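Trainee: There's a structure below that I have some questions on.
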């Protein structure tokens, strides 16, 4: 039996969850079609999802198409939950991108398609809602070609557009010939010679689709079922099945973690190679941990069923890995894929309500961070405050509702603020020697901090011989450097810099035969972990740093006659238009805007544009803060910028 791991992706409200319901009904997995409005769909299982009518967490259901088992993954459409989509993309064999025939290509549609094309994930397009008043086909298809991909091939035509009985008539038209012959000279030659058969054209279409070079487009309605049988045929014939050797080394990726009724962790994993068995011991977290598999479930006919094994290509729920995290490799790692989308650019402090236990709140937030690591918990021990990283205001509302409904905790939030970073402005160096001056640690550490190109991250280098002291001490220095750079001179994470170890030294363990031997006078890793923050922060102080705030690129489409009202508001929000163009009565503005002003722009745009404006935004870059008051962030470490305070906390000694 072959396996196809299929993602359903779309802008919010395009109808992907409804399409999932229709697919399951069409193949006989469910007898009745659930409704998003009624809150009884198969994949939106959270009470919060059903009440709000949006998908928040990815969900897996399964069905059979002939000899292919399709694991269908429904993903969130709202941009605030893009991290959930990111985790799914790495385990897909193919995707269906849903576009509304009424709203057309929307902001999130473009973001998703760009990523699908960059990752070369074979993708079908399904234009939904052809039965709705205001539905368009030619206009939407043209927008798909212009704004998503020129290599789109309509798989038929629509009759009765905008009516309840709208239907899809399959059949390849001239566009298919144009797109395919433009990519294949042999195909073009066969057409010119008059020997190009329909079978060869369809075989070429399937091959190009599986290579993610062509994107077939189907039309239909998830509500009435029009076009869905043809889409199912397309899924079966045009998308590739999963590969992987079941007899190869065990290799899988965890893309979701949830808690069971007893609080146990359950990992959702895609197996790329090998066979995982219950009671096997398997390394995970890049071999930093090892655990025994206590149970396995695989997905079959709409639900998950217990099995003793899971083979390459399949998705499984796995029990027994107590410390497993999203992104962990099971068995042999496949290599880090990096982030497909930008990390969160906003943060807020969680404020417990009257009577809310802080310990219970911290535990609940930790549980939420297991399911979504990018919420980035940050706890201030002194003020007993916890902050979370966010993509937007809707995500904040969901966190608040989840804490109330699942954990019984009443919370509010402080104002959302931008999540800034610091960049070194120059080079700076510092050193402290073992046994000299006021250094209370049995260690010598010298560090130089220098700026690096944007996007470089943190690069740690050695300007000393690797064999000059035990490797564990080098590792302690490097790990501490990376941890310490989480809070720079202004409290923000320091990035895009090179840190070089320029000096090192230690007190070796003396022989027992040596008179006056004192084990406590030999260096330990704790000495290097204690000294490194002091040296690093002094080097950074001498280098200097600037605070950079996150900037989003934006694209606004609005009636041209509303520009007069729109431009002053953009200026007030510190948005900088870079290009302005008009297409008939439509104006298109593109530029950059601070991340913390995007939500206000979203709220004000409808009133400024008679409800006709459309905003697309996504993270673009970090820019130096252009305000007189440089934003700072409360420190949560032992504050190595204050030597006396730091030493009191770390060594209980003042160091002078």
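No lab work stands behind these numbers, since they all come straight from the coordinates. Predicted, not measured: the structure shown is a model, and the values here were computed from it. No Cβ is skipped: glycine too gets one built from the backbone with ideal geometry, and neighbour counts run over all protein chains shown.
Trainee: Using only the Cα atoms of the range 157-313, what do you get for the radius of gyration and for Dmax, in Å?
Mentor: Radius of gyration, then largest Cα-Cα span, for the range 157-313: 22.5, 69 Å.
Trainee: For a quick protection proxy, order the peptides 366-379, 456-469 by their average other-Cβ count within 10 Å, most packed first.
Mentor: Ranking the peptides 366-379, 456-469 by packing returns 366-379, 456-469.
Trainee: Give the order of 507, 58 when sorted by the count of other beta carbons within 10 angstrom, beginning with the fewest.
Mentor: Least crowded to most crowded, the residues run 507, 58.
Trainee: Also: What ranking do 144-155, 254-265 get when scored by the average of other Cβ atoms within 10 Å per residue, highest first?
Mentor: By packing density, highest mean first, the sequence is 144-155, 254-265.
Trainee: With a/c under 1.5 counting as rounded, go ahead and sort the range 228-286 into rounded, prolate or oblate using the C-alpha gyration tensor (a ≥ b ≥ c being the square roots of the eigenvalues; past the cut-off, prolate if a/b is larger than b/c, else oblate).
Mentor: oblate
Trainee: From the convex hull of the Cα coordinates of the range 424-543, what is the mean projected area in square nanometres?
Mentor: For the range 424-543, averaging the hull's shadow over all directions gives 7.8 nm².
Trainee: Moving on. Take 266, 73 and order them by how many other Cβ atoms sit within 10 Å, fewest up front. Can you show the working numbers first?
Mentor: Details: 266 18, 73 28.
Lowest count first: 266, 73.
Trainee: Can I ask one more? What number, in percent, do you get for the relative contact order of the range 251-331 if the mean sequence gap of Cα pairs under 8 Å and at least 6 apart is divided by its residue count?
Mentor: 40 percent
Trainee: Further, regarding this structure: Round to a whole angstrom and tell me the spacing of the C-alpha centers of the range 84-117 and the range 1-28.
Mentor: 13 Å
Trainee: Still on this structure, please answer the following. What number, rounded to the nearest 500 deg cm²/dmol, is the helix-based mean residue ellipticity at 222 nm of the chain, given -39500 (n - 2.57) per DSSP H run of at least four residues and division by all its residues? List each step's numbers first, then the result.
Mentor: Numbers: 16 runs with 181 residues, N = 656.
So the helix-based figure for the chain works out to -8500 deg cm²/dmol.
Trainee: What is the distance in Å between the Cα centres of the range 366-443 and the range 531-575?
Mentor: 20 Å
Trainee: For volume of the Cα convex hull per residue in Å³, the choices are (i) 190; (ii) 209; (iii) 151; which was calculated from the structure?
Mentor: (ii)
Trainee: Okay, moving on. Show log10 I(q)/I(0) for the range 548-624 at q = 0.12 Å⁻¹, two decimals, from a solvent-free Debye sum over equal Cα scatterers.
Mentor: -0.29
Trainee: How high is the relative contact order of the range 424-543? Use alpha-carbon pairs under 8 Å, at least six apart in sequence, and give a whole percent.
Mentor: Computed over the range 424-543, the figure is 42 percent.
Trainee: Let me have the relative contact order for the chain, percent, based on Cα pairs under 8 Å that are six or more residues apart.
Mentor: 10 percent
Trainee: Could you tell me how many degrees, from 0 to 90 and to the nearest 10, lie between the Cα long axis of helix 107-118 and the main elongation axis, the longest principal axis, of the Cα atoms of the chain?
Mentor: Tilt of helix 107-118: around 80 degrees.
Trainee: Only counting other Cβ atoms within 10 Å, I'd like 492, 319 sorted with the fewest neighbours first.
Mentor: So the ranking, lowest neighbour count to highest, is 319, 492.
Trainee: Also, quick follow-up: Run through every distinct alpha carbon pair of the range 2-238 and return the Kirkwood hydrodynamic radius in angstroms, one decimal place.
Mentor: 17.9 Å
Trainee: Taking every eigenvalue of the Cα gyration tensor of the range 346-419, multiplying by 5 and rooting it, what semi-axes result, largest first, whole Å? Numbers along the way, then the final one.
Mentor: On the way: eigenvalues 54, 39, 30 Å².
That gives 16, 14, 12 Å for the three semi-axes.
Trainee: For the range 153-170 and the range 254-305, what is the separation of their Cα centres, given in Å?
Mentor: So the two Cα centres are separated by 43 Å.
Trainee: What is the angle, in °, between the Cα long axis of helix 198-210 and the longest principal axis of the Cα atoms in the chain? Nearest 10 is fine, range 0 to 90.
Mentor: Tilt relative to the chain: about 20 degrees.
Trainee: Angle, helix 563-572 long axis vs. longest principal axis of the chain, Cα atoms, 0 to 90°, nearest 10?
Mentor: 20 degrees
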